[in-house]
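Notes follow once the structure below has been shown.
The values are calculated or read from the model by the stated rules, or taken from the named source; none is laboratory data. If you're wondering where the values come from, they're calculated on a predicted model, not measured in any experiment. Note that each Cβ is placed from the backbone with ideal geometry, even for glycine, and that neighbours are counted across all protein chains shown. To get the accessible areas, we keep the full protein, side chains included, count just its heavy atoms, and leave off ligands, DNA and RNA. Shrake-Rupley method; radii C 1.70, N 1.55, O 1.52, S 1.80 Å.
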Amino acid sequence: MDLPVLTPGQFDLIYNGFSLAIAAMGAGFLYFILSRGQVAPAYRTALTVSALVVAIAFYHYLRIFESWAAAYVLEGGAYVSTGKPFNDAYRYVDWLLTVPLLLVEAVLVLRLKQGAGGMIARLSIAAILMIVTGYPGEVSSDTATRLIWGTISTIPFLYILYVLWVELGKSLATQPAKVRVLVRNLRLLLLASWGVYPIAYLAPVLGFDGAGAVVALQTGYTLADVIAKPLFGAMIVWIAIEKSRADGWSPNAAAVPASTSKA
Ligand code: RET
């Protein structure tokens, strides 16, 4: 990525966004680990996977933050490049690990149909193709290159969204009423957060100037990551709690030895 001169306001917006993401990922990790006891054993793996996702992202945002701070220096009231590149690859490596895990998370908590393994494999392959083909466009400052790789990457992207939308939709019929509302919201949250990535990617070709494009792209990706990982994970926790209740499982009953339980 080219590093245009930024105003202190622009530099700080991105800097504070990274800082917020670190806090959100760290807090998400604690919440998911601590919530494990609140859900039936069948849903605990989904919460563990949510915790893995935010742990991976926590680490990557620390590195992104550090790379951003090293890439700029304040000179004469403006932020200018130090000559050290900003490392875009952290995001892509992060997605490579976290996107397949997010798919696993959703499938696990809903206990989507038999043969979910095949579906996870197909979705994960599509996710890897989406990310690997997006990267050459991301690091190119040439508009045509960006558009070509972006278009190729959009094909697996649409496939994933289509499959998830349809499968989550199908599962609605088999979920208890309270869970149904949550799954519907999960679907919308998924669409809203995943939809931000290609838009942020297009910022440099959507007529923003150099500085505006960097701000739109970095804040867009950061915001989308906070929604797609910790917030999505929190929805997974709430769904798991409701499903545990619907299965007749209670955290208190589980803590009392069966022989002394009044129930
Ligand atoms: C790219 C390249 C341009 C086209 C498209 C893209 C989509 C990226 C997405 C990333 C999702 C990441 C998530 C991370 C959470 O952990 C690669 C920017 C469509 C959808 C959900």
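Listing for the model above:
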{"quantity": "Lys/Arg +1, Asp/Glu -1 at C-beta; the range 1-134 dipole; positive extreme among Leu47, Leu110, Ala126", "calculated": "Leu110"}
{"quantity": "Per residue accessible area in Å² of the chain, where ligands, DNA and RNA are left out and the probe is 1.4 Å", "calculated": "47 Å²"}
{"quantity": "Vicinal HN-Hα couplings computed from phi for the range 212-228 (Karplus, 6.51 cos²θ - 1.76 cosθ + 1.60; Hz; Gly/Pro x)", "calculated": "x, 5, 5, 5, 4, 5, 5, 5, x, 4, 5, 4, 4, 5, 5, 6, 6"}
{"quantity": "Within the range 8-249: Cβ-based charge dipole about Cα centre, in debye rounded to nearest 20 (Lys, Arg +1; Asp, Glu -1)", "calculated": "1160 debye"}
{"quantity": "Rg over Rh, two decimals, the chain (C-alpha only, Kirkwood Rh)", "calculated": "1.04"}
{"quantity": "Integer Hz, Karplus 6.51/-1.76/1.60 couplings in order for the range 49-62, x for Gly and Pro", "calculated": "5, 4, 5, 4, 4, 6, 5, 5, 5, 4, 4, 5, 5, 4"}
{"quantity": "Percent RCO, i.e. relative contact order, over the chain, from Cα pairs under 8 Å lying at least 6 residues apart", "calculated": "27 percent"}
{"quantity": "Net charge, Trp68 excluded, C-beta distance under 15 Å - Lys, Arg +1, Asp, Glu -1", "calculated": "-3"}
{"quantity": "Accessible heavy-atom area order of Phe65, Phe58, Phe11, highest first, probe of 1.4 Å", "calculated": "Phe58, Phe65, Phe11"}
{"quantity": "Accessible area of the range 77-186 belonging to carbon and sulfur atoms, whole % at 1.4 Å probe", "calculated": "69 percent"}
{"quantity": "Ellipticity estimate at 222 nm from DSSP helix runs (n ≥ 4, -39,500 (n - 2.57)) divided over the chain, nearest 500", "calculated": "-25500 deg cm²/dmol"}
{"quantity": "Accessible area of the range 1-62 belonging to carbon and sulfur atoms, whole % at 1.4 Å probe", "calculated": "70 percent"}
{"quantity": "Residues Val5 and Leu189, FRET efficiency given R0 of 35 Å [Cβ-Cβ distance, rounded to 0.05]", "calculated": "0.45"}
{"quantity": "Accessible area in the full protein assembly, largest first, 1.4 Å probe, for Ile236, Ile56", "calculated": "Ile56, Ile236"}
{"quantity": "Interchain or long-range residues, amide H under 5 Å from Thr82's placed H", "calculated": "Tyr72, Val73"}
